[in-house]
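The structure appears right after this line, and notes come after that.
The values are calculated or read from the model by the stated rules, or taken from the named source; none is laboratory data. Note that this is a predicted model, so its numbers are computed, not measured. Ideal geometry is used to build each Cβ from the backbone, glycine not excepted, and the neighbour counts take in all protein chains shown.
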């Protein structure tokens, strides 16, 4: 069947103005995460993508330190934030979306398949009946092919599962924010062994993104500084990924990719912050409700991961 969403995204990229979209990156070194503020230069309307709320697991404390520079930048630039966009429910950091929403306004959005993540992890954390598994913690749930705008900048949402069931990429003007689906060419691709992940599905999502026009700019959610490189980077292109991605360049078969990915994933440690991150991020970045003593608690399910 024709991939209408991808066709529309490709047309959007081809027709995008080259000077209207402004992109500012914020790198959180402890989690190797890149957050973005994107805005329309004409209207000053903006979106924040994949924000980070630092968390100290030893102390059980959160900090606004990674989010406050975003607030300062928005103020300096005179921006109005309409959206806090999540590419997926992250397993390596807490989202700062509620904190930023409180300070800046805007709506929190994620892919509609977050419901599957909520079902899986709501059960793992025994979240109880007070935790709705219908996505209603978020202000908007995106379907594949959904469109909206940031000021005058068109946006198309592409569902790109495999790393998680709920992963989406945001095609904003002529740029794509790919989440954890892929990394820089010299690092490769995301793991696919989390609950609901699937290496074969990931390969098909990768190849779908790499069908976009060759000149398309791709912005990563992470950079892990692979051996042989001494500086962090997070922007590449479809052409570069097709040529040089160490896991998914042109010519790699689906079966070969799946064999590589599954073998590699078996060697990877569980992310350090997966337990606090997922139980917060499945709630759109909100902490669980306080208990009868007024204190919020995070759970650690024993011997489950």
Output the number of the condition that residue 268 fails; it satisfies all remaining conditions of (1) closer than 23 Å to residue 116 by Cα; (2) under 24 Å from the mean Cα position of the chain (by Cα); (3) surrounded by fewer than 15 Cβ atoms within 10 Å (Cβ to Cβ); (4) touching a residue at least 60 places away in the same chain (Cβ under 8 Å).
(1)
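Restricting to the range 280-305, what's the tally of residues that are at positive phi and surrounded by 16 or more Cβ atoms within 10 Å (Cβ to Cβ)?
If we filter the range 280-305 for residues that are at positive phi, which is where we start, we get 284-285, 294, 303.
After this cut, where a residue has to be surrounded by 16 or more Cβ atoms within 10 Å (Cβ to Cβ) as well, the list is 284-285.
Residues flagged as at positive phi and surrounded by 16 or more Cβ atoms within 10 Å (Cβ to Cβ) within the range 280-305 amount to 2.
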I'd like to know if the range 189-196 contains one or more residues that are farther than 24 Å from residue 124 by Cβ, in a loop (DSSP other than H, G, I, E, B) and in contact with a strand residue (DSSP E or B) (Cβ under 6 Å, 6 or more places away or on another chain).
no
Turns out the helices (runs of 4 or more DSSP H) fully within the range 214-284 with at least 2 residues that are out of contact with any strand residue (DSSP E or B) (no Cβ under 7 Å at 6 or more places or on another chain) and over 29 Å from residue 108 (Cβ atoms) are 238-244, 254-265
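Given the options 117, 178, 171, name the one that is in contact with a helix residue (DSSP H, G or I) (Cβ under 6 Å, 6 or more places away or on another chain) and touching a residue at least 60 places away in the same chain (Cβ under 8 Å). Outline the logic, then answer.
Details: 117 fails: in contact with a helix residue (DSSP H, G or I) (Cβ under 6 Å, 6 or more places away or on another chain); 178 fails: in contact with a helix residue (DSSP H, G or I) (Cβ under 6 Å, 6 or more places away or on another chain).
Going through 117, 178, 171 in turn, just one is in contact with a helix residue (DSSP H, G or I) (Cβ under 6 Å, 6 or more places away or on another chain) and touching a residue at least 60 places away in the same chain (Cβ under 8 Å): 171.
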Subset of the range 67-80 (residues that are in contact with a helix residue (DSSP H, G or I) (Cβ under 9 Å, 6 or more places away or on another chain) and touching a residue at least 40 places away in the same chain (Cβ under 8 Å)):
70, 79
Residues that are farther than 18 Å from residue 92 by Cα, within 15 Å of the chain's Cα centre (by Cα) and modelled with pLDDT of 95 or more: does the range 189-202 have at least one?
yes
Filter the range 232-257 for residues that are more than 17 Å from residue 210 (Cα to Cα) and more than 22 Å from the chain's Cα centre (by Cα); which is surrounded by the fewest Cβ atoms within 10 Å (Cβ to Cβ)?
255
Before we move on, is residue 139 surrounded by fewer than 19 Cβ atoms within 10 Å (Cβ to Cβ), at pLDDT 95 or above and touching a strand residue (DSSP E or B) at 6+ places or on another chain (Cβ under 8 Å)?
yes
Of all residues in the range 121-150, count the ones that are under 19 Å from residue 287 (Cβ atoms), in contact with a helix residue (DSSP H, G or I) (Cβ under 6 Å, 6 or more places away or on another chain), in contact (Cβ under 8 Å) with a residue 60 or more places away in the chain and part of a loop (DSSP other than H, G, I, E, B).
2
Here the residues within the range 209-220 that are crowded, with 19+ Cβ neighbours inside 10 Å and either in contact with a helix residue (DSSP H, G or I) (Cβ under 6 Å, 6 or more places away or on another chain) or modelled with pLDDT under 95 (or both) are 210, 212, 216
